[in-house]
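Please treat every number below as a calculation from the coordinates, not as lab data. Treat the numbers as computed from the prediction; the structure is a model and nothing was measured. Ideal geometry is used to build each Cβ from the backbone, glycine not excepted, and the neighbour counts take in all protein chains shown.
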2 protein chains.
Amino acid sequence: MNRLKFQPNEIARGLAKKRTRTIALIIPDIANPFFPELVVAIEKVAKSKGYTIVLLNTYEDDLKDHYFWSQIQNRYIDGIIVASFNLDIRSLKRIEELGIPFVRIDRAAAYNTENSIGVDNYKGAKIAVEHLFEVGCKKVAHISGPKSLPLSLERKRGYIETVAKMSKDNPPIVYEGDFTLTSGKQLTEKLLQEHPDVDGIFLANDLMAIGSLKALKSLNISTPEDIAIIGFDGIELTEMVEPEISTVEQPIYKIGAVATNRLIYNIEDAKTDFKEVDLEVKLIKRQSTLGYIPK
Amino acid sequence: MNRLKFQPNEIARGLAKKRTRTIALIIPDIANPFFPELVVAIEKVAKSKGYTIVLLNTYEDDLKDHYFWSQIQNRYIDGIIVASFNLDIRSLKRIEELGIPFVRIDRAAAYNTENSIGVDNYKGAKIAVEHLFEVGCKKVAHISGPKSLPLSLERKRGYIETVAKMSKDNPPIVYEGDFTLTSGKQLTEKLLQEHPDVDGIFLANDLMAIGSLKALKSLNISTPEDIAIIGFDGIELTEMVEPEISTVEQPIYKIGAVATNRLIYNIEDAKTDFKEVDLEVKLIKRQSTLGYIPK
C-alpha cells in the first residue's frame, strides 16, 4: 500500500464502501437558462442534505459512449441526475449496470418509470396552442425541439392535435429546431419566408421564443400586433425582453427538488413512500400574445 | 487489496500517478450568464485536448473551507480553474499546498501572478464612464460589485477617478451590489429615491444593468431618454432587452481559451513560452446610452 502512497481519504474510502456524498448532474446545454435555474434548485436541496453536486455539461453523443459512463463509475459518484436527454434503451441499460441510483428529469412518455420526473408536455403544448387561438390567431405554426427527445415529440403532438381540432382548414406547420436561441431565430425567418400568412408561433422552449422575437424585430414585423408568440419553460428571461413573452411555466424549482429528494432517498436506501408532488404546468399570459390584434 | 475490491480503474490509477484528465472549474454563480458563456469556451478547448470539465458552482465561503479543498484533492483532479473569486492569501496557500496546477480568471490587481488571467477592469470602467459623459450625462452614479472582489474594486476605482476628472462638481455616488439581477434592480430604485437627479448609471456587470433597466421601467422613467445606463461583461442578453444595453465587452471566449491552454500546459509540464494574447476590453455603444437626450 505504501508504494501507492495510500491515504485514507475520500476516494480510498470510496473504494471500499463507495460513498462520497457526491451527485453528478448531467445537463445538455448550460447556455440555456432553464438548466442553470434547475441547477440552483438541485444544489440547494442537495446541500441541505450534505451532498455536493458536480456538474457535467454534456453532448447527447457522449452519453452513448461507454467511456463516459465508466468514468462516472470510476469516480464513485453516489447518484446521478440526468436532465433532458434522450436515453435509449442501451444507455439506460448502461446506467443500470453501474449500480448507481439515478433519476431523470423531463418525463418521457416513451420510457416512463418511477424515476422519471417532469411535467405533462403534451398538456403544456395544448394549452399554449389553445391560447394562441383564443387571442385570435388563425394560422399557428410550431418550431419544435429535436425529434430525438421524447419531450419534444410530446410538445409537437400537443400542437398537432390541438391545431387539428381548432383550425380544421389549416394543416399543421412544423419546423424542427434544437432549443437554441439561434435556431429559434433562423427558423422563424425561414418559416415566414415560406408561410408569410402565419399569425401565431408556438416555440417548444423559451430560448427559441426569444430568438424568434429577435427575428421578427429584424424583419420589421410588429410583435405582438401582427404575430403572437408563446414559449415553454418559464425562464426568467421571458420577462426581460420587450414585449414580455407568454409561456407555459414548468415548476423548475419543484422539479429540481423532487428529483434530488428522490435520488437521495434511493442513495440512502430509505424506503419512504413519496408524497405525490404537484408538478403542473401553468399558462403565463403576457404581452407577446395578449397584444395580438385579430385581423 | 482484494478486501477493498480493488479494481485497476481511473481512480485507482489516480492513486498512483494522479492523472485523470479532469479539470475542475469553480464558478461563483451559474445564474449569471457570464459564467455559462465562459464554461462553453473552456469546455471546447479542454475537450479538444482530451480533458473533461467538472463544474463546481460554489459559494465564496466554501472556498475558505478546508473540507472543500481536501475533497478536490481526494478526487485527483489534474488542474483547477477558479473564476471570479476573492482568494485570500490563506486560500491561495491552501491551493498551492494541494500541488495541483491552477489558474485564476479575472485579473486581480491585488494578487497578480502569471496564472491570473483577465482584462484591465480599471480601464474598462474608465471607458464606460467616459462614454456616459460623452453622450451628455452630468451626474453619473455607480452600482459596484461586492467589495470583497478585487475586480469590483478596480471597476469602482475606474469610476471614481473618471468622475473626479470629468465632473468636478459632482462627487461620486456608489452603491454596493452583488452582481445579481435583483441587486441591480433594488439598488437602482434606492439610488433614484436618494438621488433623483442622477442621469447616468454605470453598473459593474451586465446582469445588474438588466435589473436596473427593469427598475427604471417600473418607475416609469424613460430609458435611455432620461437616464443612460451601461454595464460590463458583454453577455448576449444585453442585445435581447429593449433598449439594447451598452457595455464593456470582455473577450469571454478568449479568456476561457487562454486560461484553459495555460492550465493544460502547466498540467503537462510543457515549458512552452506563452504568446501574449490580446485580452482587451471593448466599448460597445448601444441604444441604452446612444439614445440619451442631454438636458
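Some observations on this one:
- Stretchable slack from residue B:295 to residue B:31, in nm (0.36 nm times residue separation minus alpha-carbon distance): 91.3 nm
- Computed over the range A:197-248, Cα set: Rg, Dmax in Å: 9.9, 30
- Built from the Cα atoms of the range B:96-228, the convex hull projects on average onto 8.7 nm², one quarter of its surface area.
- If a spin label sat at a point 7 angstrom from the Cα of residue B:283 along the line to its beta carbon, the backbone N atoms of the range B:141-160 nearer than 14 Å would be those of B:159.
- Distances from residue A:161 to itself in the other copies, using label points 7 Å out along the Cα-Cβ axis, amount to 6.6 nm in increasing order.
- Remark on the range A:164-295: ratio of C-alpha radius of gyration to 2.2 N^0.38 Å is 1.30.
- Diffusion constant of the range A:218-295 at 20 °C, which comes from Stokes-Einstein with the Kirkwood Cα-pair radius and 1.002 mPa s, µm²/s: 143
- Diffusion constant of the protein assembly as shown at 25 °C, which comes from Stokes-Einstein with the Kirkwood Cα-pair radius and 0.890 mPa s, µm²/s: 96
- Between residue B:269 and residue A:92, the modelled labels are 4.7 nm apart [label points 7 Å from Cα along Cα→Cβ].
- Size estimate for the range B:23-171 follows the Kirkwood approach: the inverse of mean 1/r over distinct Cα pairs works out to 17.1 Å.
- Built amide H within the under 5 Å cut-off of residue A:76, gap 5+: none
- Phi angles across the range A:92-102 convert, under the Karplus curve 6.51 cos²θ - 1.76 cosθ + 1.60 with θ = phi - 60°, into 3J(HN,Hα) values of 4, 5, 4, 5, 4, 5, 5, x, 10, x, 8 Hz, Gly and Pro given as x.
- For the segment A:51-59, counting C-beta atoms of other chains within 10 Å of every residue's C-beta and taking the mean gives 5.
- Cut-off under 5 Å, modelled amide H: who pairs with residue A:286 long-range: A:246, A:247
- Mean projected area in nm² (Cα convex hull; one quarter of hull surface) for the range A:115-175: 4.2
- Copies compared at residue A:282 - label distances in nm, ascending, label defined 7 Å from Cα in the Cβ direction: 4.2
- For the pair residue B:166 and residue B:190, a Förster radius of 25 Å applied to the C-beta separation gives a FRET efficiency near 0.55, rounded to the nearest 0.05.
- Sequence-distant residues sharing a close amide H with residue B:281 (under 5 Å, placed H): B:120
- Within chain B, the longest run free of GluC sites (Glu not before Pro) that sit in a DSSP loop with at most 10 other Cβ atoms within 10 Å is B:115-275.
- Using only Cα coordinates, the Kirkwood hydrodynamic radius of the range A:22-76 works out to 12.1 Å.
- With bins 10 Å wide beginning at 0, the percent of Cα pairs of chain A falling in each bin runs 6, 27, 30, 19, 11, 4, 2, 0, 0.
- Given their separation in residues at 0.36 nm each and the Cα-Cα distance between them, residue B:242 and residue B:59 gain 62.7 nm when the chain is fully extended.
- As a calculated quantity, the FRET efficiency between residue A:219 and residue A:147 at R0 = 25 Å, using C-beta atoms, amounts to about 0.40.
- When the listed pairs A:126/B:44; A:254/B:64; A:156/B:217; A:254/B:217; B:147/B:217 are checked against a 32 Å cut-off, the alpha-carbon distance exceeds it for A:126/B:44; A:156/B:217.
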